[in-house]
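Q: Could you have a look at this structure, given as structure tokens, before my questions?
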Ligand code: AMP
């Protein structure tokens, strides 16, 4: 059943506590280098303010590990948000405490307030599993959540980037707000609809592209997708674990020796499910991973002393051909060390092929993280149906996992 959204509830005259993902990138002088995560939250923020809600926003930024750290203050976010909303955003020095309570109480309809970084308090990131086994931790997490919950009449979750976590602000706050409305925002609604429909009602051919560093991070995704997609293209360093499992030499390439059996099992599982698994046929290799390193293309074995860093030209052509005609595509993970040109060629060609498929009518989804930044760097973001705002969260969604913090929110 679908979750209730802010549009389904009355917010006029109510205090609305909304969890956002304002974990924006900052430079050394604490300037925001991309306000994407702030602008993505604007539809829900504007909706609540325009309908007369008094809005209290909360988020984490970075990993301050439970200590106040001015370099990870949300103050620059409050400033940027004020500019974007063209109105004052009240900023509180702490997310809990007397002053915050007083400011929240005084907040009027149509006003917006941002709380300081939730992770300045260690209670925010106490895992529920740990809290279950330790009453002191349980108490600390609950007390912290209660202070946040007491600020408002309504809870809104619009932080897809952290939807896979059970942080106090994501999970415990709605738990303790019993009897009060607890809904999702438009960003999460869009993510769930897009990712959900892509997996449940795909037009075929449905192709998954998986890359990145480790196969161990993607086992769950491969297992879940094998029954759903027609074909999986495997690139990035994770391909080398499959190579080695198949008896090929991988030289000094990144390879997870502890997962060779698993890799063999996945190949068999795919075969049994009639899911085509496509591996690179050639590899760009270097002796030393550094910009401008001497490189060559090899087919088959990778000699000792050489390190695979990208899929080769024949593989690029093969992957592009496979993607031609696809009607649904999901992509997670780069094809090589794309941060270091020229080893971004494979990732670039795949990004262009995904964009081309979109233009021809395919539904294309990129699961946050590195593949999203590759697409953005190429200026192709408008040619992708959906770029997820949550790398880890979208990966878990593709694994078929349920999000505990969303399950406890109100159903339509
Ligand atoms: P992940 O977070 O698992 O999606 O991995 C992303 C990272 O994988 C990027 O930082 C890439 O540089 C890295 N990566 C992709 N291919 C390779 C490769 N062949 N060798 C080393 N690192 C790689």
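Q: What percent does the relative contact order of the chain come to when contacts are Cα pairs within less than 8 Å and at least six residues apart?
A: On the way: 869 pairs, mean separation 64.7, N = 412.
Over the chain, the number comes to 16 percent.
Q: Over the Cα atoms of the range 6-187, each weighted equally, I'd like the Debye log10 I(q)/I(0) at q = 0.08, 0.16, 0.17 Å⁻¹, rounded to two decimals.
A: -0.22, -0.93, -1.05
Q: Could you work out how far helix 75-85 tilts from the main Cα principal axis of the chain, as a 0 to 90 degree angle to the nearest 10?
A: With both axes taken from Cα atoms, the answer is about 80 degrees.
Q: What is the distance in Å between the Cα centroid of the range 329-378 and that of the range 263-326?
A: 16 Å
Q: Show me 102-109, 356-363 ranked by packing, highest mean number of other Cβ atoms within 10 Å first.
A: In descending order of packing, they fall as 356-363, 102-109.
Q: Next question. Pairs of Cα atoms under 8 Å, at least six residues apart: use those to get the relative contact order of the range 6-187, whole percent.
A: Value for the range 6-187: 28 percent.
Q: How large is Rg over Rh for the range 301-412, taking Rg from the Cα atoms and Rh as the Kirkwood inverse mean of 1/r across Cα pairs? Intermediate values should be presented prior to the final figure.
A: Numbers: Rg = 16.1 Å, Rh = 15.3 Å.
Radius of gyration relative to Kirkwood radius: 1.06.
Q: Over the range 194-398, what is the mean sequence separation of C-alpha contacts under 8 Å (at least six apart), divided by residue count, expressed as relative contact order in percent?
A: 22 percent
Q: Rank 58, 340, 18 by mean-square fluctuation in a GNM of the chain with C-alpha springs under 10 angstrom and give only the top-ranked residue.
A: Comparing 58, 340, 18 in the GNM, the peak value goes to 340.
Q: If you don't mind, another one. Taking the highest mean first, how do the peptides 292-300, 145-153 order by number of other beta carbon atoms within 10 angstrom per residue?
A: With the highest mean Cβ count within 10 Å placed first, the list reads 145-153, 292-300.
Q: If you restrict to DSSP beta bridges whose two residues both lie in the range 194-398, what percentage is antiparallel, to the nearest 5?
A: Taking every DSSP beta bridge within the range 194-398, about 30 percent pair in antiparallel fashion.
Q: Relative to the first principal axis of the alpha-carbon coordinates of the chain, what is the inclination of helix 313-323, with its axis defined by its Cα atoms, in degrees from 0 to 90 and to the nearest 10?
A: Roughly 60 degrees between the two axes.
Q: Give the percent of DSSP beta bridges with both residues in the chain that are antiparallel, rounded to the nearest 5.
A: 20 percent
Q: Roughly how many Å is it from the Cα centre of the range 71-94 to that of the range 101-156, as a whole number?
A: 19 Å
Q: In degrees between 0 and 90, to the nearest 10, how far off the longest principal axis of the chain does helix 186-200 point, with axes built from Cα atoms?
A: With rounding to tens, the tilt is 30 degrees.
Q: Have a look at the DSSP beta bridges in the range 6-187 and tell me what percent are antiparallel, nearest 5.
A: 5 percent
Q: Under a point spin-label approximation (7 Å from Cα along Cα-to-Cβ), what is the residue 109-residue 382 distance to one decimal in nm?
A: 3.9 nm
Q: Continuing with this model, one more query. Taking the mean number of other Cβ atoms within 10 Å as a proxy for protection, how do you rank 191-204, 323-336, 394-407 from highest to lowest?
A: Per-residue Cβ counts within 10 Å, averaged per peptide and sorted highest first, yield 323-336, 394-407, 191-204.
Q: With Kirkwood's inverse mean 1/r over C-alpha pairs for Rh, give me the Rg to Rh ratio of the chain, two decimals please.
A: Computed over Cα atoms, the ratio is 1.01.
Q: Which FRET efficiency value, to the nearest 0.05, do you get for residue 12 and residue 340 by plugging their Cβ-Cβ distance into 1/(1 + (r/R0)^6) with R0 = 45 Å?
A: On the way: r = 53 Å, r/R0 = 1.17.
For R0 = 45 Å, the calculated efficiency reads 0.30.
FYI, it's all coordinate maths here, none of it is from the lab. Because the structure is a prediction, the values reported are computed rather than measured. Reconstructed Cβ throughout: ideal geometry from the backbone, glycine too, with neighbour counts over all protein chains shown.
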